[in-house]
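Presented below is the structure to which this report refers.
The values are calculated or read from the model by the stated rules, or taken from the named source; none is laboratory data. For clarity, every value in this text was computed on a predicted model and none was experimentally measured. All Cβ positions, even for glycine, are placed from backbone atoms using ideal geometry, and neighbour counts span all protein chains on display.
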Number of protein chains: 2
Amino acid sequence: MSATLETAPTEYVEAGGIRFAYRRLGSKTGVPLVFMQHFTGTMDAWDPIVANSLAADRPVVIFNNAGVGTSGGKTPDNVDQMATDAENFINALGLGEVDLLGFSLGGFLAQVMAARSAVKVRKIILAGTAPKGGEEHLMEVVQDAFSKNAPDVRLPLFFPPSDASQAAARAFVARATVRKNDRDPESGEDVSNPQAASIIGWCAEQDPDHASLKAIKQPALIVHGSDDTMFPSINAYEMFKNMSTATLIIYPDSGHGALFQYPETFVAHVKTFLDA
Amino acid sequence: MSATLETAPTEYVEAGGIRFAYRRLGSKTGVPLVFMQHFTGTMDAWDPIVANSLAADRPVVIFNNAGVGTSGGKTPDNVDQMATDAENFINALGLGEVDLLGFSLGGFLAQVMAARSAVKVRKIILAGTAPKGGEEHLMEVVQDAFSKNAPDVRLPLFFPPSDASQAAARAFVARATVRKNDRDPESGEDVSNPQAASIIGWCAEQDPDHASLKAIKQPALIVHGSDDTMFPSINAYEMFKNMSTATLIIYPDSGHGALFQYPETFVAHVKTFLDA
């Protein structure tokens, strides 16, 4: 039996004075795919279908960045330091060349890491994310989602209100709450405050010529939801138009959590991209 | 040995007083995928990789619309009549429910046919195309491409000038010219003039609320090249934004012939879409 996101033991590695929690799935050979998570998300906030299906034919590494969940250290208040922490973690594990899957805030880190050489990055997947200077509505949509008192805040936050989307949303939440044993604790304000500052700061940083995007030379796959209220889909189109190596995919009737709404399709698209 | 685009015999069927030339590939069972071709293109202008790979697990039907290549009849000067001709052909073959792959001008037909019920359409793929009222530069880019005296006008017309794109372009042209026996004749002005009028007329037709797109209820896959000079990629994004059922995919460093530049990736994306 291979380990799954729900069953893999949490392991730890020390890097740059921080004890990082991580889980490894899939084969030992091949270019590892490292997942980088969204605002306040822990390892347990990933979709098991996405993690386990991608691990069917490649190594997958899931981790908590500094200050998050079961990792030590303090959550930085800027993307640059978060990227440095992720690079330290990847190098401490000795992963060598990696592929990166960055979702939302994690996609900011992937952009930074791909453009510099602390880690050798082969390909990047940018899901539900935005470029420097991008359009974000984090505080409004988070406050609005919490005001709805849904059973899980991700139901209104990550998925549009259509019946089909909300059904997919509930299925995602059910999958992502299967693990009970050795589960990451939910994030508190020591995570959400500096992460919110990082997101707002990244989108406030002006980069009118998109020099940051143009510095990315690796093949990139941009995946977005049609009706992402946090980072509107125009971000994805603008990123695509300013990257010479990017493929753009946007799904219908979907929001910030598009990759969890259509997990099988997303996995097929990621495999097609990584194996091309 | 199954038939391939290069080896399948040309067959004929009579419908609405017109003798249509067609070729059938792939299995007899499953929803047939009907290809609808670009400006001046015949059956032999499709990419064998695309046709044969899609035919590996479904019926594929390739045909010449009225007036084109080895088909009889006269090329209409409007999209609506072309769509009617295609519907007559599909019904004459008794195909029942179909999927449509419309490239460029063929994508206009697919939009019309999906929104009405002369043929039962399950899913549509819109490659390198534009909505009613879309942005087109047909005459300029065709004249510019012919002025380059390239060995094949599709090299400058369908592919950007980068080394990688032009290498892919030459490989496509080599694949698409393998067939010598029973090959369709090249189109003359009796095809290009009314087809040009149809394209220009379609894009001149104003549809500010995109009622035509909103009338399409089937799942749709929109595929486009990043640097399509004939129908700029903003057409694809605008179509996507005005369809509730569409997935958008845009490839990097590619032009009008993006589906022939990345044939394996395009086939994988189409299969993922049709099988979802």
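If the condition is being among the aliphatic types (A, V, I, L, M), touching a residue at least 40 places away in the same chain (Cβ under 8 Å) and more than 12 Å from every other protein chain (Cβ to nearest Cβ), then region B:189-224 contributes B:Val191, B:Ala196, B:Ala197, B:Ile199, B:Ile200, B:Ala204, B:Leu213, B:Ala215. Cβ-Cβ distances below 8 Å connect the following pairs, each with a first residue in region B:45-57 that is hydrophobic (A, V, I, L, M, F, W, C) and buried (at least 19 other Cβ atoms within 10 Å of the Cβ), a second residue that is outside any helix (DSSP H, G or I) and at pLDDT below 95, and a separation of six or more residues or different chains: B:Ala55/B:Ser2; B:Ala55/B:Ser27. Filtering B:Pro156, B:Pro131 for residues that are farther than 22 Å from B:Glu6 by Cα, surrounded by 15 or more Cβ atoms within 10 Å (Cβ to Cβ) and free of Cβ contacts under 8 Å to residues at least 24 places away in the same chain leaves a single hit, B:Pro156.
Of all residues in region A:165-175, those being over 12 Å from A:Gly255 (Cβ atoms) and among the aliphatic types (A, V, I, L, M) number 4. Summed over region A:68-83, the residues that are more than 16 Å from the chain's Cα centre (by Cα), touching a residue at least 60 places away in the same chain (Cβ under 8 Å) and more than 11 Å from A:Ala197 (Cβ to Cβ) give a count of 2.
Any chance you could count how many residues in region A:213-244 are buried (at least 24 other Cβ atoms within 10 Å of the Cβ), under 20 Å from A:Leu155 (Cα atoms) and not small (Gly, Ala, Ser)? Qualifying residue count, region A:213-244: 5. B:Leu274 satisfies every condition listed in (1) among the aliphatic types (A, V, I, L, M); (2) surrounded by fewer than 22 Cβ atoms within 10 Å (Cβ to Cβ); (3) under 18 Å from A:Pro219 (Cα atoms) except (3).
Filter region A:225-268 for residues that are outside any strand (DSSP E or B) and at the interface with another protein chain (Cβ under 7 Å from one of its Cβ atoms) and give the result. Passing the criteria: A:Tyr237, A:Phe240, A:Ser244, A:Thr245, A:Pro252, A:Asp253, A:Thr265, A:Ala268. Restricting the search to region A:186-223, which residues are more than 20 Å from A:Gln37 (Cβ to Cβ) and touching a strand residue (DSSP E or B) at 6+ places or on another chain (Cβ under 6 Å)? Of everything in region A:186-223, those that are more than 20 Å from A:Gln37 (Cβ to Cβ) and touching a strand residue (DSSP E or B) at 6+ places or on another chain (Cβ under 6 Å) turn out to be A:Gln218, A:Pro219. Here is a check on your reading of the model: is B:Glu97 under 24 Å from B:Lys120 (Cβ atoms), without any contact (Cβ under 8 Å) to a residue 60 or more places away in the chain and of a type in the set (Asp, Glu)? No, not satisfied.
Tell me, please, whether a residue that is at pLDDT 95 or above and closer than 19 Å to B:Val34 by Cα can be found in region B:249-257. Among the residues of region B:249-257, at least one is at pLDDT 95 or above and closer than 19 Å to B:Val34 by Cα, which makes the answer yes. Please determine whether any residue of region B:215-223 is among the polar types (S, T, N, Q) and more than 24 Å from B:Val267 (Cα to Cα). Scanning region B:215-223, I find no residue that is among the polar types (S, T, N, Q) and more than 24 Å from B:Val267 (Cα to Cα), so the answer is no.
Among the residues of region B:97-128, which ones are surrounded by fewer than 20 Cβ atoms within 10 Å (Cβ to Cβ) and among the small types (Gly, Ala, Ser)? Once the filter is applied, which keeps residues that are surrounded by fewer than 20 Cβ atoms within 10 Å (Cβ to Cβ) and among the small types (Gly, Ala, Ser), region B:97-128 yields B:Ala115, B:Ser117, B:Ala118.
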